[in-house]
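A short write-up of the structure that comes next.
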Amino acid sequence: MYKTIWAVILCGMAIQIPQAQPGPVIENATGRVLTGLEVLLTERLEMIKGKRIAVVCNHTSRNAEGQHLVSLLSPHASITAILGPEHGFSGDHPAGELFPDLGERFEGVPVFSLYGEFRSPTREMLKGAEMVVFDIQDIGTRFYTYISTLYLTMQSCARNGIPLVVLDRPNPITGEVVEGPVAHPGSLSFVGIAPICIRHGMTVGELALLFNSGYFLAHRIGAHVQVIPMKGWSRSLWYDQTGLPWIPPSPNMPTCDTASVYPGTGLFEGTNISEGRGTERPFEVVGAPWIDGAKWADMLNGLQLPGVVFSATTFTPIHLPEKAPNPKYRDQLCNGVQVSITDRKSFQAVSAGVAMLWSAKELCPDRFECTKHLDSLWGSERLREQLKDRTDWRQILSEVQIEKADFFSVRNPLLLYR
C-alpha cells in the first residue's frame, strides 16, 4: 500500500548569525553525541579537502562549541555558495515569509535563498561546486520544511551530477516513535513533500537514504548521496539527553518541549484556532476568543490521554516581528488550553492533536472551522472530512494504522542507529 502512495514530486551586506546558547552536558549511556559535522572534521576530512563546496545550512549548522559550519570548513575547502532554507540562513524570518536573494555574504561567501523565487538549488547557485554539503537541524515532523529542502536539494544534485554529503543530526523527539498517516499523492506539497508519517522517527541522514531508496524505483531521486552518521546517538535519546546545546531551529521552536508537542498542535495551523503564535509558548497554548478553556480542558482530561494534562489558560497573540508578524487573533484575548507533557515516553503528540481537534469541534460545532491547509498538514482530505462529519477521534486514528505499518516496512531497513 505504501508504495502505491509514492508519487512524482514534483557582493553585499554582511549577515550576523545568532550564537548558540551553551547547554549542560547531560550524562547518558552514550556520552555527548558527536554530530555528522564533528565526525566529518575529526575522521573524514579528506572527503572535503581542496574541494569546491556549496553548503545548504542555517544558524543551526554548528558544532557543540558554537562554531559555524562555514567557518569550520573554510580552512580546508573553498565554499562557493551558502543556500538558506525557510526562515533564512540566519533563522530569523517568520514562518511562510518569502525572502529573495539580497546580495548578502557571510565570511565573504554569497548567500542564496531557497525560500524565495526558488525552493530548489539552481544551476547558477551551484556554479563551480564539486560537492554539496547539507547540515541543518530538523525536528522530526513531516510538515517542518527543512526536510523538503533536503528532498529538493537531492533532486537538484541528481540533475546537475553533483554529489551530496548529508551531515547527520539528532531527531530531537527521538527516533523510536512513529505517528500519523503518510501523505497521499494529491496532498503532497512543500509542507509534506514525501509519503512519510507525520512523526517519522528518522534523522535527516536516514531520510536522505529513504528519499534516494530503491524501494521507489519509479520515482527514486537517484542522487549520489553519502551520509556522515553521528556518534553516540541512539534512537531513544531526546535532544536534551545529547549533551548538545539547543539552538531554536526556527523562531517559533524555542525549546525541545515545543518540538515534542508540534506534531499534534501544529495541525491547528489548518484551522481557525490559534496555535499560539504571537506568544512565548507557541504550539504549547492553543485557543480562540470564542472557546471556553475550562470546558475544553475538562473534556480533554476526561479522555485520559497518556503522558499529558491540559489546563485552561488565556493568552493574547501580539505582533512579534521576527516570530509572528500577523498572528491569528492578533491583540485579542484568547481562551484555550495549555498542553503540558507529564511523561514524554508515553505521550503521543499526533493522537493528542487529533483529540484536541475533535473536542474543539464537539465543543464549538458552529464556530470551529478547518481550512484546506489542514489537508497538506495531515496528508489528505480525510481528517478535514472526518471532523466535518464529527467522526470520533479514536476512529480517525484507527484508520491510519495500516499506512503506518506499511511505512515501517520501508523505513526500518534504512535506519542507521539502534
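Read-outs throughout are calculated quantities, based only on the coordinates presented, and are distinct from any laboratory measurement. Note that this is a predicted model, so its numbers are computed, not measured. With ideal geometry, Cβ positions are generated from the backbone for all residues, glycine too; neighbour counts draw on all protein chains shown.
Taking 0.36 nm per residue of separation and subtracting the Cα-Cα distance, what length does fully extending HIS319 through HIS76 add?
83.2 nm is the gain from fully extending HIS319 to HIS76.
Just to confirm a number: summing +1 for Lys and Arg and -1 for Asp and Glu over residues other than THR313 whose beta-carbon lies under 14 angstrom from that of THR313, what do you get?
Combined, the nearby Lys, Arg, Asp and Glu give -3.
Please compute the net charge surrounding ASP298, taking Lys and Arg as +1 and Asp and Glu as -1 over other residues with Cβ under 15 Å from its Cβ.
Numbers: positive: LYS295; negative: ASP292, GLU362.
With Lys, Arg at +1 and Asp, Glu at -1, the neighbours total -1.
Say R0 is 56 Å: what FRET efficiency, to the nearest 0.05, do GLU369 and LYS49 get from their beta-carbon distance? Don't skip to the answer; put the middle values down first.
On the way: r = 56 Å, r/R0 = 1.01.
That gives a FRET efficiency of 0.50.
Mind giving me the nanometre distance, one decimal, between the label points for GLN67 and ASP292, set 7 Å out from Cα along Cα→Cβ?
6.0 nm
Subtracting the Cα-Cα distance from 0.36 nm times the residue separation, let me have the gained length for LYS127 to LEU102 in nm, one decimal.
7.2 nm
Pairs of lysine in the stretch 2-249 with Cα under 29 Å and at least 8 positions apart or on different chains: total?
Taking the stretch 2-249 as the scope, the lysine pair count is 4.
Taking amide H atoms as placed 1.01 Å from N in the peptide plane, list the residues 5 or more away in sequence, or in a different chain, whose amide H sits under 5 Å from that of VAL308.
Amide H neighbours of VAL308: THR342, ASP343.
Quick one: if you stick a label point 7 Å off each Cα along the C-beta vector at LEU303 and PHE408, how many nm between them?
Label at LEU303, label at PHE408, 2.2 nm between them.
Pop out the ³J(HN,Hα) list for the stretch 370-375 in order, Karplus 6.51 cos²θ - 1.76 cosθ + 1.60 with θ = phi - 60°, rounded to Hz; leave Gly and Pro as x.
10, 10, 5, 4, 4, 4
Taking 0.36 nm per residue of sequence separation and subtracting the Cα-Cα distance, how much length would be gained by fully extending the chain between GLU176 and GLN332, in nm to one decimal?
Working it through step by step, the gained length comes to 52.2 nm.
Taking amide H positions as placed 1.01 Å from N in the peptide plane, with prolines and chain starts having none, which residues 5 or more places from SER213, or on another chain, fall under 5 Å of its amide H?
ILE221
Decide, for the stretch 256-380, between rounded, prolate and oblate: order the square roots of the alpha carbon gyration tensor eigenvalues as a ≥ b ≥ c, take rounded if a/c falls under 1.5, and otherwise choose prolate if a/b is larger than b/c, else oblate.
rounded
Please compute the modelled spin-label separation between SER236 and GLU280, points set 7 Å along Cα→Cβ, answer in nm with one decimal.
Here the answer is 3.5 nm between the modelled labels.
Can you give the net charge of the other residues whose Cβ lies under 15 Å from the Cβ of ILE53, counting K and R as +1 and D and E as -1? All intermediate terms of the calculation are to be shown ahead of the outcome.
Numbers: positive: ARG44, LYS49, LYS51, ARG52, LYS127; negative: GLU46, GLU107, GLU130, ASP135.
Residues close to ILE53 contribute a combined charge of +1.
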